[in-house]
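Single-structure report; data block below.
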Amino acid sequence: MDRVSVAIDQWRRECPDLELLPMELTARLGAISRHISHDYLEPFFSERGLQPREFDVLATLRRAGKPYALTPTQLFKVLMFSSGGMTNQLDRLEKAGLIARRPNPDDRRSMLVTLTEEGLDLVNDTIAPHVDNEARALSPLNQEEQRTLNALLTKLMGGLDTDV
């Protein structure tokens, strides 16, 4: 019996009239998210000298396509970092030589964040092993179960009116 089941059983005993399925589901979603992050994502990226959020920035630039450049505002909106958090990520990535900030030729008031060759190589070398790592985390579910879960989570996200 997992920790969520223990807690729910205790609540059922103490408050038998409550419908606890919403609490159980949100607790499981949070626990799964923390577990995957702690046991799969953080160690994976740490081995590559990255933090998960740093990889998110690099991957967002990569999937934007050539010239692998976005404004800080575009990155901020896609990644939903705080502006201070985004600045810190960009500072670290620039210091590591993985991104560069350049004047935006279309808007003299803004900058473009671009992948350097080193950053592009890192993303290209990391993305397939990253997906394999995520597949290992999800391996208790078969492909059909993963598709069903994905459909249900997509529906839930849509109902929450979220851009996450």
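The values are calculated or read from the model by the stated rules, or taken from the named source; none is laboratory data. The structure displayed is predicted, hence computed values, not measured ones. Note: ideal-geometry Cβ built from the backbone for every residue, glycine included; neighbour counts use all protein chains shown. We work out accessible area using only protein heavy atoms, side chains counted, and drop any ligands, DNA or RNA first. Shrake-Rupley method; radii C 1.70, N 1.55, O 1.52, S 1.80 Å.
List of remarks:
- Unique residue being β-branched (Val, Ile, Thr), in a helix (DSSP H, G or I) and touching a Leu at 6+ places or on another chain (Cβ under 7 Å) when the list is Thr60, Thr73: Thr60
To keep it simple, each residue is scored yes or no on (1) of a type outside the set (A, V, I, L, M); (2) modelled with pLDDT of 95 or more; (3) over 18 Å from the mean Cα position of the chain (by Cα); (4) more than 30 Å from Arg102 (Cβ to Cβ).
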{"residue": "Pro22", "(1), (2), (3), (4)": "yes, yes, yes, yes"}
{"residue": "Leu29", "(1), (2), (3), (4)": "no, yes, no, yes"}
{"residue": "Phe55", "(1), (2), (3), (4)": "yes, yes, no, no"}
{"residue": "Thr60", "(1), (2), (3), (4)": "yes, yes, no, no"}
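- Note on region 45-58: residues that are closer than 18 Å to Glu118 by Cβ and either polar (S, T, N, Q) or open to solvent by 20 Å² or more (accessible area, probe 1.4 Å) (or both) amount to 5.
- Among the residues of region 1-56, the one identified as touching a residue at least 60 places away in the same chain (Cβ under 8 Å) and of a type in the set (Ser, Thr, Tyr) is Tyr40.
- Top-ranked residue of region 101-136 - restricted to ones that are hydrophobic (A, V, I, L, M, F, W, C) and crowded, with 16+ Cβ neighbours inside 10 Å, ranked as modelled with the lowest pLDDT: Met111
- Residue identified as among the charged types (D, E, K, R), at pLDDT 95 or above and more than 30 Å from Leu93 (Cα to Cα) among Asp2, Asp9, Asp39: Asp9
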